[in-house]
Amino acid sequence: MAHQAHPYHMVDPSPWPLTGAVAALLMTSGLAIWFHFHSTILMLLGTVLLVLTICQWWRDVVREGTFQGHHTPPAQKGLRYGMILFITSEVLFFAGFFWAFYHSSLAPTPELGGFWPPAGITPLDPFEVPLLNTAVLLASGVTVTWAHHSIMEGDRKQAIHSLTLTILLGGYFTFLQALEYYEAPFTIADGVYGATFFVATGFHGLHVIIGSTFLAVCLHRQIRHHFTSTHHFGFEAAAWYWHFVDVVWLFLYISIYWWGS
Amino acid sequence: LSSGVEFSSAVHSAVCRKYVFICCVSGIPTDEEQATGLEKIIMETMKEGKDPYNMLKPKSYSGTKEDPNIVPSITNRRIVAVSVSEEDNTAIVWFWIHEGEAQRCPSCGSYYKLVHYDLPH
């Protein structure tokens, strides 16, 4: 029997990197086609292909790790590095939007009236729904830590309850933020204030949805007994991502909602 | 709320009856029970103190003829890379070790002996 003599995972050939690349191509060129020729078919096709790629690729990762045992300690270490590097890249992604916000708000131009918030903008009261949103996300950080400790201590019931609560809190945040978007007295087209506000909080909201989805997948896997008390990296990765989303919100709240008002 | 607690404990005990190999009472399996494949093989052999998949740093020996560096191999030869052959080495010395008598590093002369082992399967 010719087996590997190393503990790493040499993955089997897979079509998902190719389908993912094709999806990226279709989505980007589809965006251009939409802008110029008013047709959304290419972009929608790309999005569908992206979703299929995501589901099947990560389904395969779960199969390889949980069902086939390929995630040895060194392999898991690699996955940890990967997640940390990815989250770091996301931090830098948001850093750009914070740079844009501070660039415009620290030295408001005469067109804005020379002050911030600019003339004509009524900012949202930071001590109303945005403060509630802060509390919701902080609470969800507590519940996800509770879930982690429950898993490590082998308590299935509490793990499921606290993870469910985390997802519900994430959903509540998204719901509240959607209401705020609907009721806001300014739009993305309202100068640099609107642009920085909605691009930064909008990408954050997208990340909340992504993080909630990741946690929901973990809940499904936890219910199906995938995680052990010592090996549950998928959950840890989701929890790291969730804490990152929470920290970005805190920066958004302090900078844009509070200082920026 | 109390009926919810009863329901979840009923589900819990039903699950425990169905999956008898979950021996821990509170319901989350351990690696002992659930690890599979290479992860399981590595877990079990490391418990016996063995490292067939070279996860740890190679053991260092004094390198004399009586106490040569042991080089485990699943075939009859293996490449050895020595990074501190002499004190001021700035390069790594690479060489093949074949089965049989202990051979010497071409740079510093330490002894290396190939020892065959089989992968657990």
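A short reminder: the numbers here are calculations on the coordinates, not readings from a lab. Since this is a predicted model, take the numbers as computed values, not measurements. Ideal geometry is used to build each Cβ from the backbone, glycine not excepted, and the neighbour counts take in all protein chains shown.
So here's what we get for this one:
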{"item": "Matching residues in the range B:33-49 - criterion: being touching a Pro at 6+ places or on another chain (Cβ under 8 Å) and either β-branched (V, I, T) or away from chain A (no Cβ under 13 Å) (or both)", "result": "B:I41, B:I42, B:T45"}
{"item": "Qualifying residue in the range A:58-81 (condition: more than 14 Å from chain B (Cβ to nearest Cβ) and among the polar types (S, T, N, Q))", "result": "no"}
{"item": "Flag if B:Y61 is within 11 Å of another protein chain (Cβ to nearest Cβ), aromatic (F, W, Y) and out of contact with any Ser or Thr (no Cβ under 6 Å at 6 or more places or on another chain)", "result": "no"}
{"item": "Filter result for the condition that a residue is on the phi > 0 side of the Ramachandran plot, free of Cβ contacts under 8 Å to residues at least 40 places away in the same chain, among the small types (G, A, S) and surrounded by 11 or more Cβ atoms within 10 Å (Cβ to Cβ), over A:G46, A:G69, A:G30", "result": "A:G69"}
{"item": "Checklist (1) within 25 Å of A:S261 (Cα to Cα); (2) aromatic (F, W, Y); (3) touching a helix residue (DSSP H, G or I) at 6+ places or on another chain (Cβ under 9 Å) applied to A:F115, failing item", "result": "(3)"}
{"item": "The range A:215-230, residues that are crowded, with 22+ Cβ neighbours inside 10 Å and under 21 Å from A:Y81 (Cβ atoms)", "result": "A:C218, A:F227"}
{"item": "Output for the range A:157-207, where each listed residue is without any contact (Cβ under 8 Å) to a residue 40 or more places away in the chain and in contact with a helix residue (DSSP H, G or I) (Cβ under 7 Å, 6 or more places away or on another chain)", "result": "A:K157, A:Q158, A:S162, A:L165, A:L169, A:Y172, A:T174, A:T187, A:I188, A:G205"}
{"item": "Residue within the range A:125-133 that is crowded, with 18+ Cβ neighbours inside 10 Å and more than 30 Å from B:E33 (Cβ to Cβ) present", "result": "yes"}
{"item": "Scan of the range A:30-46 for residues that are in contact with a helix residue (DSSP H, G or I) (Cβ under 6 Å, 6 or more places away or on another chain) and in a helix (DSSP H, G or I), ordered by number", "result": "A:G30, A:L31, A:I33, A:W34, A:L42, A:M43, A:L45, A:G46"}
{"item": "Residue among A:I151, A:I84 that is assigned to a helix (DSSP H, G or I) and more than 14 Å from chain B (Cβ to nearest Cβ)", "result": "A:I84"}
{"item": "For A:P7: the one exception among (1) of a type outside the set (D, E, K, R); (2) touching a Phe, Trp or Tyr at 6+ places or on another chain (Cβ under 6 Å); (3) in a helix (DSSP H, G or I)", "result": "(3)"}
{"item": "Scope the range A:109-146; condition in a helix (DSSP H, G or I) and more than 30 Å from A:S212 (Cβ to Cβ); matching residues", "result": "A:P110, A:E111, A:L112"}
